[in-house]
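Novice: Okay, here's the structure, questions in a sec.
The values are calculated or read from the model by the stated rules, or taken from the named source; none is laboratory data. Computed from a predicted structure; not experimentally measured. Virtual Cβ from ideal backbone geometry, glycine too; neighbours counted across all protein chains shown.
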Amino acid sequence: MMSVELYRRLRDETGRDPGWKGVGSLRVASGPARLRELQDRERWARRFGLDVGLISAREARERFPLMTDASLEGALWLPSDGHVDPAGLATALTDGARARGAKVLTGARIVAITVGGGRVRGVVVDSGPIACEVVVNAAGIWAAEVGRMVGIGIPVVPIAHQYLVTGPIDGVWRDVPVLRDPDRLVYFREEVGGLVVGGFERRPVAWGLDGIPADFTHRLLPPDWERFAPLMEGAVARIPALATAKAIRLVNGPEAYTPDGEFILGEATKVGGFFVAAGFCAHGIAGAGGVGKVIAAWILDGHPPMDLRRMDVGRFGPAGREPARAAADAIRVYATYYDLREVTAR
Ligand SMILES: Cc1cc2nc3c(=O)[nH]c(=O)nc-3n(C[C@H](O)[C@H](O)[C@H](O)COP(=O)(O)OP(=O)(O)OC[C@H]3O[C@@H](n4cnc5c(N)ncnc54)[C@H](O)[C@@H]3O)c2cc1C
């Protein structure tokens, strides 16, 4: 909710368009058990003031006509949802920060963090030292590496995540909603008249467990078509037009997963001023607005603005979690991401 609120106003505030498209989203039920789960989700979301509604299969197809009605039981419609251009968002956020006095250093690698008296005192970048009182470790798949600089174990596990980008498809228009079909493990959104088709496969693979290569910056992994094939099968079953769509590219990138599927946030108890905002489990873009807001408040006020204990950086103990166990747990989190689950108001 906080992210949507921020992304909506960024263009006016910064003069940069982050490419926010508030197209809404549909989460479809391909069976009665899923429909019951969606009913629970609807009740849960409404308690938090979210405008969501369960709609019929017919209404869902009116919003996304390319999907078949095969085993379609209904859908949860979230009108405030949407998608944003990640590069446009990063540019708008940095421009906004600069306009408020922030200095942005690009291409500067932190090689050490200075600690004294139990607190952060500064960082050392390749061009020299910089004194500071607070460091936010938002280093994505490198967060564990940066944590080790101050002796903090941060169990992020890079897991390869893929999506396919298709060429234009008749019947896909600019404002078509985001579509998620958890029973088929796939999600869809519009891109340049075609679809982005992604998903959470049952046999994911971790990557870089022995260390991330030093030159792995702004890079992707080679596409793994074999691993993507079962997802594509599910995608075509829901949207038959995909069978004849042109595949433009299969994007494969490592994403930071955690052993319990929750973000890793907050100040390390052992090192004052060392904050972590990492382990976003393929929700870093969706969550960035909210995470930025709560971490900023936490730094200023000395405590989180809400109960974030289930995401606390200290929950795995001071050493983090034994790497092999962390990897096995994170893989399980990824592989079961779309499983049916009990929806509780945590
Ligand atoms: C294929 C794919 C699809 C995805 N789809 C979605 C989606 O639909 N929705 C969604 O919300 N999320 C999605 N994600 C996840 C999302 O991209 C990430 O969660 C998000 O980009 C993480 O942002 P971050 O800032 O934490 O990490 P990153 O974007 O990885 O940034 C970390 C930065 O830290 C820098 N860094 C590392 N070490 C150091 C150091 N020592 N010194 C200085 N800098 C350092 C790195 O260079 C990097 O710039 C997807 C991910 C993938 C791979």
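Novice: Picking from Asp210, Asp215, Asp307, which residue would you name as being part of a loop (DSSP other than H, G, I, E, B), among the charged types (D, E, K, R) and more than 30 Å from Ala102 (Cα to Cα)?
Specialist: Numbers: Asp215 fails: more than 30 Å from Ala102 (Cα to Cα); Asp307 fails: more than 30 Å from Ala102 (Cα to Cα).
Sole residue among the options that is part of a loop (DSSP other than H, G, I, E, B), among the charged types (D, E, K, R) and more than 30 Å from Ala102 (Cα to Cα): Asp210.
Novice: Report yes if some residue within region 160-169 is without any contact (Cβ under 8 Å) to a residue 60 or more places away in the chain, closer than 27 Å to Trp207 by Cα and within 12 Å of the ligand (Cβ to nearest atom); otherwise report no.
Specialist: No, every residue in region 160-169 fails to be without any contact (Cβ under 8 Å) to a residue 60 or more places away in the chain, closer than 27 Å to Trp207 by Cα and within 12 Å of the ligand (Cβ to nearest atom).
Novice: Checking the conditions here, which among Ile159, Ile169, Ile130 is over 24 Å from Ala60 (Cα atoms) and in contact with a Leu (Cβ under 9 Å, 6 or more places away or on another chain)? Spell out the reasoning first.
Specialist: Working: Ile159 fails: in contact with a Leu (Cβ under 9 Å, 6 or more places away or on another chain); Ile169 fails: over 24 Å from Ala60 (Cα atoms).
Within the list Ile159, Ile169, Ile130, the selection yields Ile130.
Novice: State all residues of region 232-241 that are under 25 Å from the mean Cα position of the chain (by Cα) and under 14 Å from Met67 (Cβ atoms); if no residue qualifies, say none. Spell out how you get there, then give the answer.
Specialist: In the first step, residues of region 232-241 are kept if they are under 25 Å from the mean Cα position of the chain (by Cα); the result is 232-236, 238-239.
Within region 232-241, Gly234, Ala235, Val236, Arg238, Ile239 qualify.
Novice: Exactly one condition in (1) away from the ligand (no atom under 14 Å from the Cβ); (2) farther than 30 Å from Ile130 by Cα; (3) crowded, with 16+ Cβ neighbours inside 10 Å is false for Ser80; which is it?
Specialist: Checking Ser80 against (1) away from the ligand (no atom under 14 Å from the Cβ); (2) farther than 30 Å from Ile130 by Cα; (3) crowded, with 16+ Cβ neighbours inside 10 Å, the one that fails is (3).
Novice: Also, quick follow-up: Sort through Lys270, Lys293 and tell me the only one that's away from the ligand (no atom under 13 Å from the Cβ), out of contact with any Leu (no Cβ under 9 Å at 6 or more places or on another chain) and basic (Lys, Arg). Can you show your working first?
Specialist: On the way: Lys293 fails: out of contact with any Leu (no Cβ under 9 Å at 6 or more places or on another chain).
Only one candidate passes the filter, namely Lys270.
Novice: Would you check which residues across region 179-230 are of a type in the set (Val, Ile, Thr) and either on the phi > 0 side of the Ramachandran plot or touching a His at 6+ places or on another chain (Cβ under 7 Å) (or both) and list them? Walk me through how you get there before you give the answer.
Specialist: Filtering region 179-230 down to residues of a type in the set (Val, Ile, Thr) leaves 186, 192, 196-197, 205, 212, 217.
Listed by number, the list holds a single entry, Val192.
Novice: For region 102-111, which residues satisfy the criterion of being farther than 17 Å from Val276 by Cβ and part of a strand (DSSP E or B)?
Specialist: Val111
Novice: While we're on this one: Only one of (1) within 9 Å of the ligand (Cβ to nearest atom); (2) more than 26 Å from the chain's Cα centre (by Cα); (3) of a type outside the set (A, V, I, L, M) fails for Gly140. Which number is that?
Specialist: Of the numbered conditions (1) within 9 Å of the ligand (Cβ to nearest atom); (2) more than 26 Å from the chain's Cα centre (by Cα); (3) of a type outside the set (A, V, I, L, M), the odd one out for Gly140 is (2).
Novice: Among the residues that make up region 323-331, is at least one of them within 16 Å of the ligand (Cβ to nearest atom) and among the aliphatic types (A, V, I, L, M)?
Specialist: Yes, because at least one residue in region 323-331 is within 16 Å of the ligand (Cβ to nearest atom) and among the aliphatic types (A, V, I, L, M).
Novice: Something else now. Please go through region 145-169 and give me each residue that is in a strand (DSSP E or B) and closer than 21 Å to Val23 by Cβ, ordered by number. Spell out how you get there, then give the answer.
Specialist: Going residue by residue through region 145-169, those that are in a strand (DSSP E or B) are 157-166.
Selection gives Tyr163, Leu164, Val165, Thr166.
Novice: Can you tell me how many residues within region 31-71 are within 29 Å of Val192 (Cβ to Cβ), part of a loop (DSSP other than H, G, I, E, B) and in contact with a strand residue (DSSP E or B) (Cβ under 6 Å, 6 or more places away or on another chain)?
Specialist: 2
Novice: Separate question: Could you tell me how many of the residues in region 6-30 are outside any helix (DSSP H, G or I) and under 30 Å from Val294 (Cβ atoms)? If you could, list the steps in order and put the result at the bottom.
Specialist: Step one: filter region 6-30 for residues outside any helix (DSSP H, G or I), giving 15-30.
After this cut, where a residue has to be under 30 Å from Val294 (Cβ atoms) as well, the list is 15-27.
Selection size over region 6-30: 13.
Novice: Then there's this: What are the residue pairs meeting all of these: first residue in region 91-116, first residue basic (Lys, Arg), second residue modelled with pLDDT under 95 and within 14 Å of the ligand (Cβ to nearest atom), Cβ atoms under 6 Å, and 6 or more apart or on different chains?
Specialist: Pairs found: Arg109/Asp126.
Novice: Separate question: Of the residues Val172, Val120, Val197, Val176, which is surrounded by 20 or more Cβ atoms within 10 Å (Cβ to Cβ), away from the ligand (no atom under 14 Å from the Cβ), in a strand (DSSP E or B) and of a type outside the set (Phe, Trp, Tyr)?
Specialist: Answer to the selection: Val120.
Novice: Looking at (1) assigned to a strand (DSSP E or B); (2) within 11 Å of the ligand (Cβ to nearest atom); (3) over 29 Å from Val291 (Cα atoms), can you tell me which one Ile248 breaks?
Specialist: (2)
Novice: Pick from Gly302, Gly289: which is closer than 23 Å to Val84 by Cβ and at pLDDT 95 or above? Let's see the steps before the verdict.
Specialist: On the way: Gly302 fails: closer than 23 Å to Val84 by Cβ.
Only one candidate passes the filter, namely Gly289.
Novice: Taking the condition of being more than 13 Å from the ligand (Cβ to nearest atom), charged (D, E, K, R) and touching a residue at least 12 places away in the same chain (Cβ under 8 Å), how many residues in region 200-219 meet it?
Specialist: 2
Novice: From Ala102, Ala131, Ala92, Ala97, which residue is loosely packed, with under 15 Cβ neighbours inside 10 Å, within 15 Å of the ligand (Cβ to nearest atom) and farther than 30 Å from Arg202 by Cβ?
Specialist: Result of the check over Ala102, Ala131, Ala92, Ala97: Ala97.
Novice: Additional query: Being in a helix (DSSP H, G or I) and either at negative phi or touching a Phe, Trp or Tyr at 6+ places or on another chain (Cβ under 6 Å) (or both) narrows it down to one residue among Ala319, Ala277, Ala327; which is it? Outline the logic, then answer.
Specialist: On the way: Ala319 fails: in a helix (DSSP H, G or I); Ala277 fails: in a helix (DSSP H, G or I).
The conditions single out Ala327.
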